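Working notes for the structure below.
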Ligand code: GLY
Ligand code: MN
Ligand code: MN
């Protein structure tokens with residue numbers, strides 16, 4: 001067969017294979033990705049050390065209902081395991097644990113037909129071996145008598161034990177895994193005790209290594225973050241079209257989150273913040289319970305999708321009626337200018353603090369020019385009650401990733417970091433400014449990939465400029481025709 005024909009033949013066969021097997025192309029992180037992260041961790045671990053990673057506890061909401069489970073991001077990063085009651089051990093050097101040498105062991109839940117009937121299938125030992133590709137896997141119950149002498153290691157590295165782990169009474173649960181670890185290593189978290197009992201125990205060093213790793217994103221992670229960012233910004237743009245006075249904050253939240261779900265985003269990356277008028281001045285306002293948005297006020301929307309574990313972090317602030325008032329526009333443009341100033345400077349090698357300084361200079365000078373900061377800087381600028389800049393009281397930039405405020409270093413920007421730039425101005429009622437500015441709150445938050453040449457704006461699917469926002473808000477929304485029956489009279 002000629003080479004050209006052979007290639008066509010292979011392609012046709014592959015196509016048929018995909019169709020006949022209904023192969024679903026997955027964009028989840030692969031077992032290889034996680035294995036490679038474990039290798040990278042091992043390389044950074046000190047000689048003759050072991051690192052322990054526990055699954056997150058299940059948190060109870062009320063009575064017999066729990067919060068939706070969220071895995072410990074480090075354990076997820078290193079394994080892709082999404083189940084509770086697990087413990088991962090990673091060894092710097094191979095250990096002969098059965099008959100052969102291994103560099104990792106996972107303890108996880110076994111099967112339980114009744115529990116799986118209610119809560120869905122568990123991976124079990126075989127699943128963890130085959131799907132996650134961990135070298136050695138046991139049920140959690142095995143750990144109690146597991147033959148491993150922790151005193152032979154120079155370093156036992158872990159994040160200090162969480163103090164909200166409930167005893168489920170199930171043998172080998174997280175509570176047991178932690179208690180058994182405590183007796184094996186001779187250390188119990190004791191808030192009164194500064195120094196651990198054994199001197200090979202280190203509850204600090206692992207975080208240094210993890211920050212180095214998670215702060216610099218791999219290509220696969222950047223792909224997922226970009227997806228989360230696209231979903232979140234498409235939602236912002238759709239909501240801009242749909243926004244009308246009289247809608248409620250929770251309805252706006254629902255529209256964003258509905259669009260996240262349309263794109264198969266599993267969760268919100270953090271509790272959604274939708275604050276109109278003075279609610280926008282509460283930095284992490286999550287009640288979202290204002291029932292009717294007022295014509296003439298601004299609404300601050302800080303929401304983002306979490307897609308396959310990775311979250312965006314996006315804020316847009318828009319006029320409820322589609323047009324900024326003159327004063328709103330002045331404040332908005334100042335925040336926009338501050339964000340642009342930082343974005344223009346942003347590139348590998350710059351200090352994080354220089355990004356903040358770039359935003360603060362624009363905001364402080366701008367507010368001074370508007371007569372909002374009256375005195376001489378800096379006395380006038382710092383609020384003595386909070387110790388923060390009175391109208392710009394938060395930082396400008398943080399890593400995003402598996403956590404919305406992701407692990408990472410905050411000294412120099414490095415290539416393949418993914419960060420936010422999010423200046424804001426918040427002028428609550430009773431501030432020492434002319435009352436005409438009161439209850440104005442603006443935050444603009446975007447996500448950037450740091451490169452050697454500059455910072456690439458990832459969140460460009462939602463407008464940021466005031467005039468672009470106003471133009472988009474004039475476009476009809478399909479939701480205009482989505483009328484639900486009234487509950488009145490019920
Ligand atoms: N959404 C939280 C933050 O902007 O940091
Ligand atoms: Mn943020
Ligand atoms: Mn945010």
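Shape class of segment 194-251 from the alpha-carbon gyration tensor: oblate, with a/c at 1.5 or above and b/c at least as large as a/b. Entry note, the chain: the mean residue ellipticity at 222 nm calculated from DSSP H runs of n ≥ 4, each adding -39500 (n - 2.57), is -10000 deg cm²/dmol after division by the residues and rounding to the nearest 500. Using a simple spin-label model with pseudo-atoms 7 Å out from Cα toward Cβ, residue 47 and residue 101 lie 1.6 nm apart.
Working from label points 7 Å from Cα in the Cα-to-Cβ sense, the residue 129 to residue 457 distance is 5.3 nm. Please work out the Cα center distance from segment 408-443 to segment 456-490, rounded to the nearest Å. For segment 408-443 versus segment 456-490, the Cα centre distance is 24 Å. Against the chain, whose longest principal axis comes from its Cα atoms, helix 352-369 is set at around 20 degrees. Can you give the direction-averaged projected area of the convex hull of the alpha-carbon atoms in segment 135-175, in nm²? The directionally averaged projection comes out at 4.2 nm². Rg and Dmax of segment 339-419, both derived from C-alpha coordinates alone, stand at 14.5, 42 Å.
Placing a pseudo-label 7 Å from each Cα along the Cα-to-Cβ vector at residue 60 and residue 262 gives an inter-label distance of 4.0 nm.
Express the Stokes-Einstein translational diffusion coefficient of segment 50-124 in µm² s⁻¹, to the nearest whole number, given a Kirkwood radius over alpha-carbon pairs, 37 °C and a viscosity of 0.692 mPa s. Reported coefficient: 235 µm²/s.
Segment 225-286 and segment 33-57 have Cα centres lying 36 Å from one another. The convex hull of the Cα atoms of the chain, projected and averaged over all directions, covers 32.0 nm². Assuming R0 = 35 Å, what is the FRET efficiency of residue 486 and residue 283, from their Cβ-Cβ distance, to the nearest 0.05? So, using R0 = 35 Å, E works out to roughly 0.50. Answer rounded, prolate or oblate for segment 288-348, using the Cα gyration tensor with square roots of eigenvalues a ≥ b ≥ c: rounded when a/c is under 1.5, else prolate when a/b is larger than b/c, else oblate. Oblate is the answer for segment 288-348, as a/c is 1.5 or above yet b/c matches or exceeds a/b. If R0 is taken as 41 Å, the Cβ-Cβ distance between residue 68 and residue 369 corresponds to a FRET efficiency of 0.30. Segment residue 410..residue 36, full-extension length gain: 132.2 nm, with 0.36 nm per residue of separation and the alpha-carbon distance subtracted. The Rg/Rh ratio for segment 153-262, using Cα coordinates for both the radius of gyration and the Kirkwood hydrodynamic radius, is 1.21.
By the count of other C-beta atoms within 10 Å, a proxy for reagent exposure, 145, 230, 32 are ordered fewest to most as 145, 32, 230.
With kT/(6 pi eta Rh) evaluated at 20 °C and eta = 1.002 mPa s, and Rh the Kirkwood radius from Cα pairs, segment 92-243 diffuses with a coefficient of 112 µm²/s according to Stokes-Einstein.
We did not get these values from a lab; they are worked out from the coordinates using the rules stated. It should be emphasised that the depicted structure is a prediction, and the values quoted were computed from it without experimental measurement. Quick reminder, even Gly has a Cβ in these numbers, built from the backbone with ideal geometry, and neighbours come from all protein chains shown.
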